[in-house]
Amino acid sequence: MYKFKRVLTSETDIIDFVRGCTLYGTGGGGLSENGIESLLSELKAGKKIGWIDVEDIDDDAVTVCSFLMGSIAPHTPEVKKEMAGFGLTESKYTEKERIAESMKELSKYSGEKIDIVVPLELGGAATPGGIAAGLVNGIPAVDGDYTGRAIPEIQQTTPYLNDIPLWPLSVVDEFGNTSLVKNAINYRMIERIGKQISAASYGLTGDSGFLMTGKEMKKAIIPGTLTECYELGKMIRETYEAGEDPVQKIADELGGWILIKGIVTGKETEDKLGYYWGTHTVEGSGEFSGQTAKIWFKNENHIVWNNDKVIATSPDIITVVNSKDGEPITNPKLEVGHEVAVLGFKARSMFRTEKGVDILGPKYFGFDIEYVPIEDLIKG
């Protein structure tokens, strides 16, 4: 039995943890209310919610990475009507249940008994969903993940950077449709296949892959990120409750920058190919009066312009929070009229390498923009 490094014992603990995950979700990573519900339901069932230190995992343990894949775009009445034509009307699995089912399917196919769950990314639903799915199957989570943020494509992960394959991949959707991808010729194709499956079911699928030994996992994981999310989420709440400025506190604690504060005045979105695409416009106020920021996202936020000048891009982290209480806001929830602050932080070091920038920099997303570290853009 593994000893837990951290245990979440209350609803407040869970909300604090999910808040921190959502901030690192950079506008994506799923909806926080779903992540809270995933963990709360396990807490109410008497489960011990927490995570284990990376170094405590046995080298011969079998680890799996379980995650959500697909678009988080809201369903319009037209889309709901189209879904009904395929019989997609009655939900069978919650987010954590479809991830849990995908774990079972991968274990069954591989013949491996899974010992440890590794979250793929940091996000309001993605991280807690993976942890909760493990609890459904009696499998604990490790304190770390493979991205240190949320990402739209599966190759934008540390296993890819370390040449560790993802496949085989098991996929279960909300309605019970189940798929297994036995092999793929490369990461971009496994991403394409997985997103096509999620697009076919009009939403998020539960996926499991990255079967590794504990020794292999330790080469790829970014350790300590779950504890980091909990402490960050707690800090935001406590700062606001103390009557202090949580937005400035977040920037100070993470060594980041407030890129703009103002009001959301524009929202252009599109649900395409299993991704949620769009641009948000923020008109500056107060000390930022006269400035207009545009944020381009593909599930997550990837480029910010201020008065048409690029001021931050992926792989650096761009996140939007409520300007009063510091609560992070995901892209589906961000609406015209919201008073917000846009924050920018340095990316994890492995994504600032040539290979990391190649897969997560602005040119990867089709923009003729060279990646420049946020600290240099801010100086300029």
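Using alpha carbons only, how many degrees (0 to 90, rounded to 10) separate the axis of helix 95-110 from the longest principal axis of the chain? Once rounded, the angle reads 40 degrees.
Of all trypsin sites (Lys or Arg not before Pro) in the stretch 58-120, which ones are in loop regions per DSSP and have a Cβ with at most 10 other Cβ atoms within 10 Å? Display every interim value, and only then the final one.
Numbers: sites: Lys80, Lys81, Lys92, Lys96, Arg98, Lys104, Lys108, Lys113; in loops: Lys92, Lys113.
Answer in residue order: Lys113.
Its convex hull of Cα atoms gives the stretch 210-254 a direction-averaged projected area, equal to a quarter of the hull surface, of 4.0 nm². Given +1 at the Cβ of Lys and Arg, -1 at the Cβ of Asp and Glu and no other charges, the dipole of the stretch 105-214 around its Cα centre is 240 debye to the nearest 20. For Trp305, the accessible surface of its heavy atoms amounts to roughly 60 Å² (probe 1.4 Å, protein chains only, rounded to the nearest 10).
By accessible area, using a 1.4 Å probe on protein heavy atoms only, the chain has 48% of its surface on carbon and sulfur. Here the 3J(HN,Hα) profile of the stretch 277-292, calculated from phi with Karplus coefficients 6.51, -1.76 and 1.60 at θ = phi - 60°, is 10, x, 9, 10, 10, 10, 8, x, 9, x, 5, 9, 4, x, 9, 10 Hz, Gly and Pro shown as x. Projecting the Cα atoms of Ser10, Asn186, Pro332 onto the charge dipole of the chain (Cβ charges, centred on the Cα centre) puts Asn186 farthest toward the positive pole.
Glu112 contributes about 80 Å² of solvent-accessible surface, heavy atoms of the protein only, 1.4 Å probe. Percent of C-alpha pairs per 5 Å bin in the stretch 1-155, short distances first: 2, 9, 18, 21, 20, 15, 8, 4, 2, 1, 0.
Starting from the residue with the highest accessible area, list Arg352, Arg19 in decreasing order, probe 1.4 Å.
Numbers: Arg352 70, Arg19 20 Å².
Descending order: Arg352, Arg19.
Determine the dipole magnitude for the chain: charges of +1 sit on the beta-carbon of Lys and Arg, -1 on that of Asp and Glu, nothing else is charged, the reference point is the Cα centre, and the result goes in debye to the nearest 20.
Numbers: 40 positive and 57 negative charges, 129 e Å.
With Lys and Arg at +1 and Asp and Glu at -1, about 620 debye.
Accessible surface computed residue by residue for the stretch 1-100, with neighbouring protein chains in place and a 1.4 Å probe, gives 47 Å² per residue. Taking the longest Cα principal axis of the chain as reference, the axis of helix 11-24 is set at about 70 degrees. Computed over the stretch 131-180, the Cα gyration tensor eigenvalues convert (square root of 5λ each) into semi-axes of 21, 17, 11 Å, ordered from largest to smallest. Full extension of the chain between Ala200 and Glu238 gives 9.4 nm of extra length, using 0.36 nm per residue less the Cα-Cα distance. If you take the beta carbon distance between Asp59 and Asp163 as r and set R0 to 25 Å, what does 1/(1 + (r/R0)^6) give as a FRET efficiency, to the nearest 0.05? With R0 = 25 Å, the Cβ-Cβ based efficiency is 0.85.
Computing FRET efficiency as 1/(1 + (r/R0)^6) for Lys92 and Thr12, where r is the C-beta to C-beta distance and R0 is 41 Å, gives about 0.85.
Which FRET efficiency value, to the nearest 0.05, is calculated for Asn177 and Val336 with the Förster distance at 41 angstrom and r the Cβ-Cβ distance? Don't jump to the answer; show the numbers that get you there.
Numbers: r = 35 Å, r/R0 = 0.87.
Taking R0 as 41 Å, the efficiency between Asn177 and Val336 is 0.70.
Using the alpha-carbon positions of the stretch 49-98, Rg (one decimal) and Dmax (whole number) come out as 18.3, 50 Å. Put one equal scatterer on each alpha carbon of the stretch 100-253, apply the Debye formula with no solvent term, and list log10 I(q)/I(0) at q = 0.14, 0.15, 0.18 1/Å to two decimals. Each listed q maps to, in turn, -0.72, -0.81, -1.10.
Against the chain, whose longest principal axis comes from its Cα atoms, helix 126-136 is set at around 20 degrees. With helices as the sole contributors, the chain gives -10000 deg cm²/dmol at 222 nm; each DSSP H run of n ≥ 4 counts as -39500 (n - 2.57), and the sum is divided by every residue.
Measuring between alpha carbons in the structure, the pairs from Lys294/Lys333; Lys96/Lys267; Lys219/Lys355; Lys267/Lys294 lying more than 20 angstrom apart are Lys96/Lys267.
Rg over Rh of the stretch 241-336, using C-alpha atoms and the Kirkwood radius, what does it come to?
Numbers: Rg = 13.4 Å, Rh = 14.0 Å.
Expressed as Rg/Rh, it is 0.96.
The values are calculated or read from the model by the stated rules, or taken from the named source; none is laboratory data. Keep in mind that this is a model prediction, so the values were computed, not measured. Methodologically, a virtual Cβ is constructed for each residue, glycine included, from the backbone with ideal geometry; neighbour enumeration extends over all protein chains shown. Just so you know, the surface numbers come from the protein's heavy atoms only, side chains and all, with ligands and any DNA or RNA stripped out. Shrake-Rupley method; radii C 1.70, N 1.55, O 1.52, S 1.80 Å.
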